[in-house]
Amino acid sequence: MAARGGTRGSVLLVFATCLVFWLFLSGHYTPFYVALGTLAAAAVAWVNRDDEALSGLVRSVPRLAVYVPWLLKEIAVANLQVLRIILHPGLPIDPVILRFRPGLSGDLAVTLLGNSITLTPGTVTLEVEGGEFVVHALTTRAATDLVEGPMVARVKAVLRRATIQQEP
């Protein structure tokens, strides 16, 4: 747990983020709805006041805003690669089951990487256990790109300052 000042700052950060998010999504700015949004944001911040993972996630939002467009580009590129494979007369697939340890800690980091892999056409996260990922890749190149490519490093960069604890 952080020092008292750090916890107060985290609660205020979560409150402000929730309030801005609520106002952005609601589109209603009458005093009643703003008060309702303020109460909801305060309740979320209060319930999660000891949850450093949530405030760490909130601090990661700007880096996540950079990661998402990169991931969307990777998804588009992988779609084109899979389309090329499907349309090729010889159907040049070489399925691979890959096991690797990306060195991520924390449920959020593991979930972000696993979902990013699965969202990218040609790869599917089959299992994650004890820090080891089991992934099915449509081609050897997709498997190699996953292990040697930038995805793991980018996930680490997004969550680099987030305090995310692995559940026992």
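Here are Val66, Val110, Val124: which of them is open to solvent by 60 Å² or more (accessible area, probe 1.4 Å), of a type in the set (Val, Ile, Thr) and part of a helix (DSSP H, G or I)? Write out each step before concluding.
Working: Val110 fails: open to solvent by 60 Å² or more (accessible area, probe 1.4 Å); Val124 fails: part of a helix (DSSP H, G or I).
Testing whether each residue is open to solvent by 60 Å² or more (accessible area, probe 1.4 Å), of a type in the set (Val, Ile, Thr) and part of a helix (DSSP H, G or I) leaves just Val66.
Regarding Thr111, is this residue without any contact (Cβ under 8 Å) to a residue 40 or more places away in the chain and within 30 Å of Asp51 (Cβ to Cβ)?
Answer is yes for this residue.
Applying the selection to region 117-153, what residues are within 12 Å of Ala78 (Cα to Cα), under 15 Å from the mean Cα position of the chain (by Cα) and touching a residue at least 24 places away in the same chain (Cβ under 8 Å)?
Correct list: Ile117, Leu119, Thr120.
Could you list, in sequence order, the residues of region 74-102 that are open to solvent by 60 Å² or more (accessible area, probe 1.4 Å), of a type outside the set (A, V, I, L, M, F, W, C) and either at pLDDT 95 or above or not in a helix (DSSP H, G or I) (or both)?
Matches in region 74-102: Asn79, His88, Pro89, Pro92, Asp94, Pro95, Arg99, Arg101.
So which residues in region 135-168 are among the polar types (S, T, N, Q) and either surrounded by 14 or more Cβ atoms within 10 Å (Cβ to Cβ) or at pLDDT 90 or above (or both), if there are any at all?
Answer for region 135-168, where residues must be among the polar types (S, T, N, Q) and either surrounded by 14 or more Cβ atoms within 10 Å (Cβ to Cβ) or at pLDDT 90 or above (or both): Thr139, Thr140, Thr144, Thr163.
Being modelled with pLDDT of 85 or more, under 28 Å from Arg160 (Cβ atoms) and open to solvent by less than 50 Å² (accessible area, probe 1.4 Å) is the filter here, so list the residues in region 18-59 that pass it.
Cys18, Leu19, Ala41, Ala45, listed by residue number.
The values are calculated or read from the model by the stated rules, or taken from the named source; none is laboratory data. Remember, it's a predicted structure, so these values are computed and weren't measured experimentally. Here Cβ is always computed from backbone atoms with ideal geometry, including for glycine, and neighbour counts include all displayed protein chains. Side chains included, ligands, DNA and RNA excluded: accessible areas come from the protein's heavy atoms. Shrake-Rupley method; radii C 1.70, N 1.55, O 1.52, S 1.80 Å.
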